[in-house]
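The values are calculated or read from the model by the stated rules, or taken from the named source; none is laboratory data. Source: prediction; values computed, not measured. Cβ placement follows ideal geometry from the backbone for every residue including glycine, while neighbour counts extend to all protein chains displayed. What goes into the accessible areas is simple: the full protein's heavy atoms, side chains included, and nothing from ligands, DNA or RNA. Shrake-Rupley method; radii C 1.70, N 1.55, O 1.52, S 1.80 Å.
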Amino acid sequence: MSLYIRFIAHLDAVLDALETDGTLPAGLNRKPVTVEPPRDVTHGDLATNAAMVLAKPAGTNPRALAEKIVAGLEKLDEVEGASVAGPGFINLKLTDATWRAELAAIHAEAGDYGRSDAGQGVTVNVEYVSANPTGPMHMGHCRGAVVGDALATLLEYVGHKVIREYYINDAGGQVDVLARSAHVRYREALGEAVGDIPEGLYPGDYLVPVGQALAAEYGDKYVGAPEHEWLVPFRTKAVAAMMEMIRADLALLGIHHDIFSSEAELQAAGKPEAAEAWLRAHDLVYDGVLEAPKGELPDDWEPVELPLFRSTRFGDDQDRPIKKSNGAWTYFGADMAYHFQKAQNADQLIDIWGADHAGTVKRIQAAVAALTEGKARFDVKLIQMVRLLRDGEPVKMSKRAGNFVTLADVVREVGKDVVRFTMLTRKADAQMDFDFAKVVEASKDNPVFYVQYAHARISSLGRRAEEAEMDLPAPDLSRLGTEELGLVKLAAQFPRVVDGAASAREPHRIAFYLNDLASAFHSWWNMGNDNPQARVILADDPATTSARLFLSRGIGQIIRNGLALMGVAALTEMQ
């Protein structure tokens with residue numbers, strides 16, 4: 001049990017006692033009560049808003065209630081002192097022994113320090129990437145892929161069962177365009193001079209091997225054949241080839257999905273019809289005519305009766321059609337059925353979408369609320385664009401891809417770990433610049449380097465101690481002073497940061513925390529530059545050396561745990 005969870009339990013015990021003696025009424029909502037580090041470290045080690053939150057529903061004065069809570073908390077062996085600040089905030093100062101024990105816990109729990117069962121086995125479906133199967137992955141897909149994968153790992157770490165899912169959009173017009181593009185490359189592979197790729201088709205060289213494979217399989221059978229004869233087999237073969245390429249690109253980032261769901265298979269299985277039937281049975285779909293668009297009517301607009309989903313009941317701006325006038329499913333109708341399918345096997349759903357899909361969030365949230373009768377938590381995380389730069393200038397497009405920079409090229413140039421860490425250094429809904437020079441820069445302004453360098457420095461300490469052949473005693477943690485215990489206090493926040501990041505669905509919080517921890521470690525390390533007695537390894541003081549090595553390894557363990565959640569390796573050496 002982490003220190004913060006333990007003190008929430010201590011606080012609950014004090015509040016229970018106040019209920020028993022009649023100071024507090026029974027049954028008060030304690031969910032808003034928090035235990036966290038104070039904003040000002042001079043105020044102590046922990047702070048709680050318990051009195052501020054509970055005083056009003058209890059019909060008492062916050063400061064008076066705080067004094068009674070403090071009286072209970074002061075009895076704890078781990079508490080050196082407790083005080084009331086302002087109108088009723090409670091600050092706690094913990095004993096040094098408590099922090100030394102927490103450092104020992106970090107070592108004892110190792111890779112499990114920060115792990116919890118907060119998720120209680122609740123199944124969460126995280127759908128991410130879901131790029132159209134029309135070409136290789138590009139950097140527009142990369143950020144969502146990393147955010148989704150890190151979020152899935154984070155949720156598993158706090159006790160959720162996680163399903164990683166990729167939705168293959170293989171039923172729309174874009175895959176017909178892919179088939180036609182592959183047909184051009186097929187003819188090219190058979191020796192035809194095709195010239196420039198026609199406008200509207202995919203021009204990338206990545207379709208050349210697809211055309212060659214089709215030529216090897218079919219010979220010249222479809223060279224002059226009408227489109228209806230070859231469109232379906234070419235589409236099937238091309239989509240399969242693209243998905244193989246996409247899986248390989250994702251593997252470069254260390255990303256693997258549990259499920260690949262096909263939109264074409266979804267529709268062939270009648271899932272949209274099943275969703276429509278369920279909604280009609282619950283009076284959530286009706287046949288009606290959409291209101292005319294505001295302003296001047298487009299020439300092709302006509303008042304046609306369509307099946308409409310009552311999304312306004314769930315906060316949307318207007319009811320939404322699930323079918324087109326020709327009877328085909330709208331994008332929304334198909335997506336609605338897909339989410340209905342996902343909800344059959346998960347308690348919660350998370351979609352990772354590009355920011356260009358922001359306009360459709362309300363309607364799909366309405367659909368999920370309807371289809372799950374409000375039982376499934378559903379979050380949509382919007383991912384902003386990544387702008388690629390080289391020395392501050394936009395990066396030129398890729399000839400192989402046709403019109404974009406491939407993810408594979410970027411990963412091969414700077415490495416998987418740099419790409420993954422960088423994608424998590426900003427909130428997902430904030431735009432990002434990815435400058436090839438800056439992401440590999442060896443400076444404290446580059447968080448990727450700064451965190452990795454901290455871990456490499458810690459690893460070097462162990463090697464240096466071995467080289468010095470020091471006879472080190474068992475760590476005596478009483479040798480650790482105020483500066484060292486300050487590092488422990490920051491390290492002890494890791495479980496709390498993890499739980500907060502998982503609850504908010506924000507994996508970037510891990511990167512932010514690691515940068516703060518690395519900064520604190522580097523500052524402590526640099527004290528030895530001015531004061532030789534502040535160095536970790538002291539040839540004439542094995543006892544202090546042992547304690548400081550123990551502390552350093554504990555910090556290294558936290559960095560490893562955090563990097564693992566991000567899917568990033570912890571380096572032991574850096575050039």
Open item on the list: Restricting to Cα atoms and excluding each atom paired with itself, what does the Kirkwood estimate give for the chain in Å?
Closed with: 27.8 Å
Task: Across K324/K362; K342/K375; K237/K381, pairs whose alpha-carbon gap is larger than 23 Å - done: K237/K381
Task: Rg/Rg_ref, the stretch 61-122, where Rg_ref = 2.2 N^0.38 Å and atoms are Cα - done: 1.53
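Treating the beta-carbon of each Lys and Arg as +1 and of each Asp and Glu as -1, no other charges, what is the dipole magnitude of the chain about its Cα centre, to the nearest 20 debye?
460 debye
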- [ ] Name the long-range amide H neighbours of V380: under 5 Å, sequence gap of 5 or more, or other chain; modelled H, no Pro or chain starts.
- [x] D351
- [ ] Return the ratio Rg/(2.2 N^0.38 Å) for the stretch 354-434, where Rg is computed over Cα atoms only.
- [x] 1.47
TODO: Order the following by accessible area, largest value first: K342, K375, K93, K438. Probe radius 1.4 Å; ligands, DNA and RNA are ignored.
DONE: K375, K438, K93, K342
Open item on the list: Along each principal axis of its Cα atoms, how long is the stretch 29-90 end to end? Whole angstroms, biggest number first, please.
Closed with: 30, 24, 21
Task: Pairwise centroid distance, computed over Cα atoms, of the stretch 90-126 with the stretch 175-229, Å - done: 57 Å
Task: Per-residue [θ]222 nm for the chain (sum of -39500 (n - 2.57) over DSSP H runs n ≥ 4, rounded to 500) - done: -15500 deg cm²/dmol
Task: Tilt relative to the chain, helix 447-467 - C-alpha long axis, 0 to 90 degrees, to 10 - done: 50 degrees
TODO: List the equivalent ellipsoid semi-axes of the stretch 145-192 in whole Å, largest first, each obtained as the square root of 5λ for an eigenvalue λ of the Cα gyration tensor.
DONE: 41, 12, 7
TODO: Leaving ligands, DNA and RNA out of it, report the carbon-plus-sulfur percent of the accessible area of the stretch 87-169 at a 1.4 Å probe.
DONE: 51 percent
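Can you check what the net charge comes to around R313, using other residues whose Cβ is under 11 Å from the Cβ of R313 (Lys, Arg +1; Asp, Glu -1)?
Here the count lands on -2.
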- [ ] Write down the Kirkwood hydrodynamic radius of the stretch 91-161, to one decimal in angstroms, obtained as one divided by the mean of 1/r over all alpha carbon pairs.
- [x] 15.4 Å
Task: For T123, solvent-accessible area (1.4 Å; no DNA, RNA or ligand), Å² - done: 20 Å²
- [ ] Quick one: accessible surface of H43, probe radius 1.4 Å, all protein chains present, in square angstrom to the nearest 10.
- [x] 100 Å²
Open item on the list: Stokes-Einstein diffusion coefficient for the stretch 6-112 at 20 °C in a medium of 1.002 mPa s, Rh from the Kirkwood formula over Cα pairs: what value in µm²/s?
Closed with: 148 µm²/s
- [ ] Report the paramagnetic label zone for D21: residues of the stretch 61-104 whose backbone N is under 15 Å from a point 7 Å from Cα along the Cα-to-Cβ axis.
- [x] 64-76
- [ ] Let me know the shape class of the stretch 189-270, please: from the alpha-carbon gyration tensor, a ≥ b ≥ c as square roots of the eigenvalues, rounded when a/c is under 1.5, otherwise prolate if a/b is greater than b/c, or oblate.
- [x] oblate
- [ ] Averaged over every viewing direction, what's the projected area of the C-alpha convex hull for the stretch 504-554? Give it in nm², one decimal, please.
- [x] 4.1 nm²
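Stick to Cα atoms and the Kirkwood definition of Rh, then tell me Rg/Rh for the stretch 125-173.
Answer for the stretch 125-173: 1.05.
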Task: Inter-label distance, nm, simple model (7 Å from Cα along the C-beta direction), A543/A281 - done: 7.6 nm
TODO: Grab every C-alpha pair in the stretch 138-255, bin the distances at 5 angstrom width from 0 up to the longest one, and report whole percents.
DONE: 2, 10, 18, 18, 16, 11, 8, 7, 5, 3, 2, 0
TODO: Just tell me which aspartates and glutamates come within less than 19 Å, Cα to Cα, of K93; anything on the same chain fewer than 8 places away is out.
DONE: D12, E36, D40, D45, E67, E74, D77, E78, E80, E102, E483, E484
Task: Modelled FRET efficiency - R0 22 Å, E291 with A328, Cβ distances, 0.05 increments - done: 0.50
- [ ] With a probe of 1.4 Å, find how much accessible area the stretch 322-452 has per residue, and write the answer as a whole number in Å².
- [x] 49 Å²
TODO: Quick one: pull the percent of accessible area on the stretch 385-497 belonging to carbon and sulfur, 1.4 Å probe, ligands and nucleic acids left out.
DONE: 47 percent
Task: Sorted largest first, extent of the stretch 237-286 alpha carbons per principal axis (Å) - done: 47, 24, 15
Open item on the list: Modelling each spin label as a point 7 Å along the Cα-to-Cβ direction, I'd like the D40/D317 distance in nm, to one decimal.
Closed with: 4.7 nm
- [ ] Show me 350-359, 151-160, 563-572 ranked by packing, highest mean number of other Cβ atoms within 10 Å first.
- [x] 151-160, 563-572, 350-359
Task: Evaluated over the stretch 71-201, the Cα radius of gyration and Dmax, each in Å - done: 28.3, 89
Task: When the convex hull of its Cα atoms is projected in every direction, mean area for the stretch 329-379 (nm²) - done: 3.4 nm²
Open item on the list: For the stretch 269-386, take every pair of Cα atoms, bin their distances at 5 Å starting from 0, and report each bin as a whole percent.
Closed with: 2, 11, 20, 23, 20, 12, 8, 3, 1, 0
Task: the stretch 1-76-the stretch 141-160 distance, computed between alpha-carbon centres (Å) - done: 34 Å
TODO: Normalise the Debye intensity by I(0) for the stretch 456-497, one equal point scatterer per Cα, no solvent, then take log10 at q = 0.22 Å⁻¹ and round to two decimals.
DONE: -0.96
- [ ] Consider just the alpha-carbon atoms of the stretch 411-460 and return their Rg together with their Dmax, both in angstrom.
- [x] 11.4, 37
Open item on the list: Compute the angle between helix 271-281 and the longest alpha-carbon principal axis of the chain, please, reported from 0 to 90 degrees and rounded to the nearest 10.
Closed with: 80 degrees
Task: Share antiparallel - DSSP beta bridges, the chain, percent rounded to 5 - done: 50 percent
TODO: Quick one: give the max-minus-min coordinate of the C-alpha atoms of the stretch 203-324 along each principal axis, largest first, in Å.
DONE: 53, 40, 30
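Just the C-alpha atoms of the stretch 400-507: what Rg/Rh do they give, with Rh taken as the Kirkwood radius? Intermediate values should be presented prior to the final figure.
On the way: Rg = 19.5 Å, Rh = 17.8 Å.
On the Cα set of the stretch 400-507, Rg over Rh gives 1.09.
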Task: Dmax and Rg, reported as Rg then Dmax, of the stretch 296-455 (C-alpha, Å) - done: 21.4, 65
